[in-house]
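Peer 1: Sharing a structure below in structure tokens format, with a few things to ask.
The values are calculated or read from the model by the stated rules, or taken from the named source; none is laboratory data. These figures come from a predicted structure and were not determined experimentally. So basically every Cβ, Gly included, is an ideal-geometry build from the backbone, and we count neighbours across all protein chains shown. Just the protein is used for accessible areas: all its heavy atoms, side chains included, with ligands, DNA and RNA removed. Shrake-Rupley method; radii C 1.70, N 1.55, O 1.52, S 1.80 Å.
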Amino acid sequence: EAAVAGMYSNIRGLFTIDKPYMAQSPSDNTSLFYLSYNEGETGITQYKTTTENFVVLDYWQEAYQSIYRCNIVIEKSEGIEFEDPATKAKFIGEAKFIRGLIYFDMVRFFGGVPLITEIRALEDSYLIERASKEEIWAQVKTDLTEASSSLPETDGGGRATKYSALGILADVHLNLGEHAAAKTAIDQVIGSGNYGWFDDFEEVYKDSNNNGQHSIFAIQFLNQTGEGNTYPTRHVPKFIDTGMWPFAGTGRDLVPSEDLWDAYDPSDVRRELTLRNSWIDGQDGSTNPDSYWQVKFGINNTPSGFQIWGINHIVMRYAEALLISAEVENELGNGSKAVDIINQIRTRAGIADFSSADKAAIHDEVFNQRRLELAFENERWFDIQRSGKATAILSAFTAGSAFSYSDTYALFPIPQIEIGKVGSDILNQNPGY
């Protein structure tokens, strides 16, 4: 139980500190002009990522530390006789779920990476080469499939369930273009009756609704020292008036883009509950117009202290499951069903219904609603890359700026420090770096 708790604990920083910089910074949801004092996040945002980028290194090391903890739980549990066999199966299922979840991100960030599914001695770890991306994708599907068969259908404590695994598995199939398989998985999640949504979008990110009906899987935080979520403070202006944001911020590391602000219909209730376009300086009372900042994860909540927020980090919620369903239904020729789902999303947002029988138009609207509904939820970069239109989207976004996107940045570099540990003959670099 302690080892399993440690496994969950380790992904807190991975998903709220390391991953956001890589999954949000290079997308068109964030500004190209970072107000940052280092080259880590700034380099990613401006498409200047190098093999020395410390954000990428931090993510890589945290990811493998988490994978190591998962492997310990799996391997050590196998050799123990539990009083309740279901508990053993659950622990192993949780470990395979988290391992699959991490490798799902790793393969999208880096392509093929070292595939480690057992505890390895230190000397052996220097001999592990990069697996192919196909091998990583296969392992992700295996882990999530096996997890879904051994996890319980419900867990009031915010731990992984059968439907957490199936939801992420549906996303995996979607990323691979395996639409029939994605439908099979997501239909089970939606059809389980375990999930629903709040009629008011404002309820989604209230900490009082943690692990509510909208939450398919969320990383747990508590509103107390040592257990709080730091994300809502880290991404707002450092000197913002505390009347606007409790305890002010740390420096706006992920600055929303004007492009995202303009993408929302002015009547869309999600815009003001996701980002704002001006703020008041608490030092001199001056207003900073056309200066964007995030409110989504802390809006209507109160931290107990600086960076001590109780809001969970949601990895997948019901609205995303619906959008996955809409996308696969459209791809499988059920456009009218997809439109019905889209309009559930739009109705809650307070905007007019969408109407079309054109497959391409429906696909574009799903893509658009994913951007608006899931802004800052670590999805946009992956959506852009799997769209097949990354160069067009990001070239338009960077037009007129001093920065430009190239296909090199579709994948991140393998950290040079990691290559230096084992040699380039064992761990080779991605093209272009």
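Peer 1: Any chance you could count how many residues in segment 334-364 are more than 15 Å from residue 317 (Cβ to Cβ) and either part of a helix (DSSP H, G or I) or modelled with pLDDT under 95 (or both)?
Peer 2: To start, the set of residues in segment 334-364 that are more than 15 Å from residue 317 (Cβ to Cβ) comprises 334-340, 342-343, 346-347, 350-364.
After this cut, where a residue has to be either part of a helix (DSSP H, G or I) or modelled with pLDDT under 95 (or both) as well, the list is 335-340, 342-343, 346-347, 359-364.
The qualifying residues number 16.
Peer 1: Take the conditions closer than 30 Å to residue 261 by Cβ, out of contact with any Gly (no Cβ under 7 Å at 6 or more places or on another chain), open to solvent by 20 Å² or more (accessible area, probe 1.4 Å) and at pLDDT below 95 and apply them to residue 80. Does it pass? Give the steps one after another, and end with the answer.
Peer 2: On the way: closer than 30 Å to residue 261 by Cβ: no; out of contact with any Gly (no Cβ under 7 Å at 6 or more places or on another chain): yes; open to solvent by 20 Å² or more (accessible area, probe 1.4 Å): yes; at pLDDT below 95: yes.
In short, no.
Peer 1: Being within 30 Å of residue 284 (Cβ to Cβ), touching a Gly at 6+ places or on another chain (Cβ under 7 Å) and open to solvent by less than 50 Å² (accessible area, probe 1.4 Å) narrows it down to one residue among 256, 232; which is it? Show your work before the answer.
Peer 2: Numbers: 256 fails: touching a Gly at 6+ places or on another chain (Cβ under 7 Å).
Among 256, 232, only 232 is within 30 Å of residue 284 (Cβ to Cβ), touching a Gly at 6+ places or on another chain (Cβ under 7 Å) and open to solvent by less than 50 Å² (accessible area, probe 1.4 Å).
Peer 1: Would you check which residues across segment 62-120 are out of contact with any Asp or Glu (no Cβ under 6 Å at 6 or more places or on another chain), of a type in the set (Val, Ile, Thr) and not in a helix (DSSP H, G or I) and list them?
Peer 2: 80, 113, 116, 117
Peer 1: Identify, by number, the condition in (1) assigned to a helix (DSSP H, G or I); (2) in contact (Cβ under 8 Å) with a residue 24 or more places away in the chain; (3) under 19 Å from residue 372 (Cα atoms); (4) out of contact with any Asp or Glu (no Cβ under 7 Å at 6 or more places or on another chain) that residue 329 doesn't meet.
Peer 2: (3)
Peer 1: Here's something else I'd like to know. So in segment 188-199, with the set limited to residues that are touching a helix residue (DSSP H, G or I) at 6+ places or on another chain (Cβ under 8 Å) and assigned to a loop (DSSP other than H, G, I, E, B), which one is farthest from residue 270 (Cα to Cα)?
Peer 2: 192
Peer 1: Working only within segment 324-379, note down all residues that are open to solvent by less than 10 Å² (accessible area, probe 1.4 Å) and among the polar types (S, T, N, Q).
Peer 2: Correct list: 325, 330, 369, 378.
Peer 1: List the helices (runs of 4 or more DSSP H) inside segment 228-326, counting only whole elements, that have at least 2 residues being within 30 Å of residue 363 (Cα to Cα).
Peer 2: On the way: elements: 231-234, 258-263, 269-272.
In segment 228-326, the matching helices (runs of 4 or more DSSP H) lie at 258-263, 269-272.
Peer 1: What do you reckon, is residue 207 buried (at least 19 other Cβ atoms within 10 Å of the Cβ) and modelled with pLDDT under 95?
Peer 2: Working: buried (at least 19 other Cβ atoms within 10 Å of the Cβ): yes; modelled with pLDDT under 95: no.
Answer is no for this residue.
Peer 1: So in segment 188-199, with the set limited to residues that are surrounded by fewer than 17 Cβ atoms within 10 Å (Cβ to Cβ) and touching a residue at least 40 places away in the same chain (Cβ under 8 Å), which one is farthest from residue 95 (Cα to Cα)?
Peer 2: Ranking the candidates gives 199 first.
Peer 1: What residue, among those in segment 263-284 that are under 16 Å from residue 249 (Cβ atoms) and either without any contact (Cβ under 8 Å) to a residue 12 or more places away in the chain or hydrophobic (A, V, I, L, M, F, W, C) (or both), is least open to solvent (accessible area, probe 1.4 Å)?
Peer 2: 275
Peer 1: For segment 365-378, state whether one or more residues are farther than 21 Å from residue 317 by Cα, of a type outside the set (Val, Ile, Thr) and in contact (Cβ under 8 Å) with a residue 12 or more places away in the chain.
Peer 2: Step one: list which residues in segment 365-378 are farther than 21 Å from residue 317 by Cα, which gives none.
No; the residues of segment 365-378 include none that is farther than 21 Å from residue 317 by Cα, of a type outside the set (Val, Ile, Thr) and in contact (Cβ under 8 Å) with a residue 12 or more places away in the chain.
Peer 1: So which residues in segment 235-253 are surrounded by 22 or more Cβ atoms within 10 Å (Cβ to Cβ) and basic (Lys, Arg), if there are any at all?
Peer 2: 252
Peer 1: Conditions first: (1) closer than 21 Å to residue 309 by Cβ; (2) open to solvent by less than 10 Å² (accessible area, probe 1.4 Å). Residue 67 passes all but one, so which condition is the exception?
Peer 2: All conditions are met except number (1).
Peer 1: May I pose another question? Of the conditions (1) free of Cβ contacts under 8 Å to residues at least 40 places away in the same chain; (2) open to solvent by 70 Å² or more (accessible area, probe 1.4 Å); (3) within 30 Å of residue 163 (Cα to Cα), residue 287 fails just one. Which one is it?
Peer 2: Only one criterion in (1) free of Cβ contacts under 8 Å to residues at least 40 places away in the same chain; (2) open to solvent by 70 Å² or more (accessible area, probe 1.4 Å); (3) within 30 Å of residue 163 (Cα to Cα) is unmet by residue 287, namely (3).
Peer 1: Among the residues of segment 145-157, write down those that are open to solvent by less than 50 Å² (accessible area, probe 1.4 Å) and either of a type in the set (Asp, Glu) or under 17 Å from the mean Cα position of the chain (by Cα) (or both).
Peer 2: 155
Peer 1: Out of all the residues in segment 19-59, which are within 19 Å of residue 114 (Cα to Cα), open to solvent by 10 Å² or more (accessible area, probe 1.4 Å) and either basic (Lys, Arg) or not in a loop (DSSP other than H, G, I, E, B) (or both)?
Peer 2: Hits for segment 19-59 are 19, 57, 58.
Peer 1: Out of the residues in segment 418-432 meeting the condition of being out of contact with any Phe, Trp or Tyr (no Cβ under 9 Å at 6 or more places or on another chain) and open to solvent by 20 Å² or more (accessible area, probe 1.4 Å), tell me which one is nearest to residue 33 (Cα to Cα). Can you show your working first?
Peer 2: Within segment 418-432, the first condition is being out of contact with any Phe, Trp or Tyr (no Cβ under 9 Å at 6 or more places or on another chain), and the residues that meet it are 419-420, 424-425, 427-429, 431.
The next check asks that each one be open to solvent by 20 Å² or more (accessible area, probe 1.4 Å); those that pass are 420, 424-425, 428-429, 431.
On the way: 420: 32, 424: 34, 425: 37, 428: 32, 429: 28, 431: 26 Å.
The residue in question is 431.
Peer 1: Okay, moving on. Between a residue in segment 160-175 that is under 16 Å from residue 370 (Cα atoms) and any residue that is not in a helix (DSSP H, G or I), which pairs come within a Cβ distance under 8 Å, given they are 6 or more apart or on different chains?
Peer 2: Going by the 8 Å Cβ cut-off, the qualifying pairs are 167/216; 167/217; 167/316; 168/217; 168/315; 168/316; 171/316.
Peer 1: Any residue in segment 410-423 that's in a helix (DSSP H, G or I): show its pairings with residues that are of a type in the set (Val, Ile, Thr) at Cβ separation under 6 Å, as long as the two are six or more apart or on different chains.
Peer 2: Taking only residues 6 or more apart or on different chains, the pairs are 416/51.
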